[in-house]
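Notes follow once the structure below has been shown.
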């Protein structure tokens, strides 16, 4: 069976191994491009948000390359993301594609449904084979997230421009080739060694920015114009609030977001769907940790993030932390995003300078 899945940051490296260990042939999703978005926009409903359109375009590109099964995630609560899989499957079937579409819903809410669909994917594989595939995929996903996070810590301080990017691409290849648990552990050690060997200005104290918002536009560089890398090149340390391994853990059988929801509660105590509550809570936490600003990333017309944006103004005033909201759709351009980021960085520099002078 030729299997494909969404492209989201560096995660395809881990999911490729998972598909192979389960005995299927992975059809690697291409990094979303203008063609991907154009394809998705052409066949998607006009009101659909940009993640819906990019994912649809990704599936169409994979189907053209022979994919027979699509595996994706579902969603719960008042957010349209929970309907993505159903609508994507209907559109693809209307276009004449006979594809097996598997939507994995959060097992916290639909355990038996999750297990039934997992059996469709594993096709009679023994429990030991399935466990090895899932556990090593999880381990590799954690390593990828760690290496990504480390690269964003180093990039603002690098002495040779683009060296971090070059080393990070080497690390992806090293992690991609790791197959066993021991090899994955060794890949983490080797990649960390290479990244920490990058020459940096250790005296530099870069601006710190927290990135919040809807999961897909936060995690997928092609959807957000590689904003973390762009900020790093401006000398800004950008830390995002979502990593795929943590999100997966919190939406399977574990909980790890209670402290974020507690931080949001004085401003937003109701469930608004998506990552709306988490956007508010993380902004509160970033302010407590002394960050210079927060950037909210959201698809255009994303209701949960629109709700959180309406509240973030009060959070920003109460906690004295600037917040920049960037709504993204197919009309958004990189030049416009960069201009707004540069202005926001200037604002944060000015605020830091004023505070420093006030202490003298």
Does the range 67-82 contain at least one residue that is over 23 Å from residue 226 (Cα atoms), modelled with pLDDT under 95 and in a helix (DSSP H, G or I)? yes
Taking the conditions exactly as written (in a helix (DSSP H, G or I) and within 19 Å of residue 12 (Cα to Cα)), does residue 154 satisfy them or not? no
Is it the case that the range 43-61 has a residue that's over 30 Å from residue 270 (Cβ atoms) and out of contact with any helix residue (DSSP H, G or I) (no Cβ under 7 Å at 6 or more places or on another chain)? no
With within 27 Å of residue 133 (Cα to Cα), within 20 Å of the chain's Cα centre (by Cα) and free of Cβ contacts under 8 Å to residues at least 40 places away in the same chain as the only criterion, which of 169, 149 stands out? 169
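From the list 136, 165, which residue is under 30 Å from residue 207 (Cα atoms) and part of a helix (DSSP H, G or I)?
Values: 136 fails: under 30 Å from residue 207 (Cα atoms).
On inspection, the qualifying residue turns out to be 165.
Hey, could you check the range 289-301 for residues that are touching a helix residue (DSSP H, G or I) at 6+ places or on another chain (Cβ under 8 Å) and farther than 12 Å from residue 211 by Cβ and say which is surrounded by the most Cβ atoms within 10 Å (Cβ to Cβ)?
Out of the qualifying residues, it is 299.
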Near pairs, Cβ below 7 angstrom, 6+ apart or cross-chain, from the range 320-336 (outside the structural domain of residue 281 (by TED's automatic domain parsing)) to any residue that is modelled with pLDDT of 90 or more: none
Going through (1) touching a strand residue (DSSP E or B) at 6+ places or on another chain (Cβ under 7 Å); (2) assigned to a helix (DSSP H, G or I); (3) modelled with pLDDT of 95 or more one by one, residue 223 fails only at (3)
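Residue by residue, here is whether (1) loosely packed, with under 15 Cβ neighbours inside 10 Å; (2) touching a residue at least 24 places away in the same chain (Cβ under 8 Å); (3) within 13 Å of the chain's Cα centre (by Cα) holds:
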residue	(1), (2), (3)
193	yes, no, no
196	yes, yes, no
202	yes, yes, no
205	yes, no, no
228	no, yes, yes
231	no, yes, no
237	no, yes, no
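The values are calculated or read from the model by the stated rules, or taken from the named source; none is laboratory data. Since the structure is predicted, the reported quantities are computational estimates derived from the model, not experimental observations. Because the Cβ atoms are built from the backbone with ideal geometry, glycine has one as well, and the counts that use them run over all protein chains shown.
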